[in-house]
Amino acid sequence: MELKGTSAIVTGGASGLGEATARTLANRGAHVIVADLNAEAGEALAKEIGGTFVSCDVTNTDQVIAAVDAAAAAAPLFSVVNCAGVGWATRTIGKDGEYASAHDLDLYRRVIEINLVGTFNVCRLAATKMSANTPDEDGCRGAIVNTASVAAEDGQIGQVAYSSSKGGVVGLTLPLARDLSAIGVRANCILPGLIDTPIYGSGEASEEFKARLGAGVLFPKRLGRSEEFATLAVELLSNSYINAESIRIDAGIRMQPK
């Protein structure tokens, strides 16, 4: 699928995996909609890569539609990469045996709402706009890449909410691809492992922590780079024969219970 001369939406596009993906798509000739809640970082990135920033909460339908319409106004919307997400570590029960110390149910719902429902919200609205595209020689009208996590398969202690949400993203991949095959839109999913993003902070203590994490990776023994995620995402968009796949990018790691 040709990316040059089309538009793309990257949710969570202002930093980390989303930022790297936005840069890579722009380098391939796409007009990128940086959809994020961080206006300062998002606007700066959009200006740098010649894209457009749109303030977007993925759970807010009106804001997602605004991002989709902004993309379509710039060029035909053929690509979406969903990187927006959150994660908190909380055990299912507390140590005192009291109901009040059990995992906060509203927190669980919030993680599911952003990571899973928000991802699907973008998919359903972007695909609706893609359905009006003129298809290419393969009959393709667009492609979507969703971001899960190795936690979907190797969830650790305290990750019950996060793993549930990311497992849902993996689970929707095949039926989503089957649904969208009727309009010529592909859907794939990436399960990143330990990727070096701003979530780990900066400074000497952060570097030491990341080095310890990297030592547990099979090979190469380091954290992944955002650019490595981005090149995979763009390959899944551009390679018209990859569809309905969930692919780990983790250097072979299998997460331990804690």
For GLU245, distant residues with modelled amide H under 5 Å away: CYS189
Estimated 222 nm signal from helices in the chain, with DSSP H stretches of n ≥ 4 weighted -39500 (n - 2.57), rounded to 500: -13000 deg cm²/dmol
Euclidean distance between Cα centres, the stretch 199-224 to the stretch 1-73, Å: 28 Å
Could you go through the stretch 136-149 in sequence order and give the Karplus-derived ³J(HN,Hα) for each residue, using 6.51 cos²θ - 1.76 cosθ + 1.60 with θ = phi - 60°, rounded to whole Hz, and x for Gly and Pro? 7, 5, 8, x, 7, 10, x, 8, 10, 10, 9, 10, 9, 5
For the chain, find the longest principal axis of its Cα atoms and tell me its angle to the long axis of helix 204-215, 0 to 90°, nearest 10. 90 degrees
For the chain, just list the percent of Cα-Cα distances falling in each 5 Å bin from zero outward, please. 1, 7, 13, 17, 19, 16, 12, 8, 4, 2, 1, 0, 0
Could you list THR134, THR197 so that the one with the fewest beta carbons within 10 Å of its beta carbon is first and the one with the most is last? THR134, THR197
Partners for LYS166 among lysines (Cα-Cα distance below 19 Å; same-chain residues under 8 apart left out): LYS258
With a 10 Å cut-off between alpha carbons and a GNM built on the chain, which of THR92, THR24, THR59 moves the most? THR92
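Counting other C-beta atoms within 10 Å, which of GLU137, GLU113 has the fewest, and how do the rest follow? Before the final figure, lay out each step's value.
On the way: GLU137 8, GLU113 16.
Exposure proxy ranking, most exposed first: GLU137, GLU113.
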Per the 1/(1 + (r/R0)^6) rule, R0 = 22 Å and r from the Cβ atoms of ARG212 and VAL86, FRET efficiency to 0.05 is 0.35
Using alpha carbon centroids, what distance separates the stretch 118-150 and the stretch 241-256, in Å? 20 Å
Stretch PHE120-LYS221 to full length: gain in nm at 0.36 nm per residue minus the Cα-Cα span? 33.0 nm
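Only the coordinates and a few stated rules stand behind these numbers; no lab work does. Worth saying up front: this structure is predicted, and the values here are computed from it rather than measured. Reconstructed Cβ throughout: ideal geometry from the backbone, glycine too, with neighbour counts over all protein chains shown.
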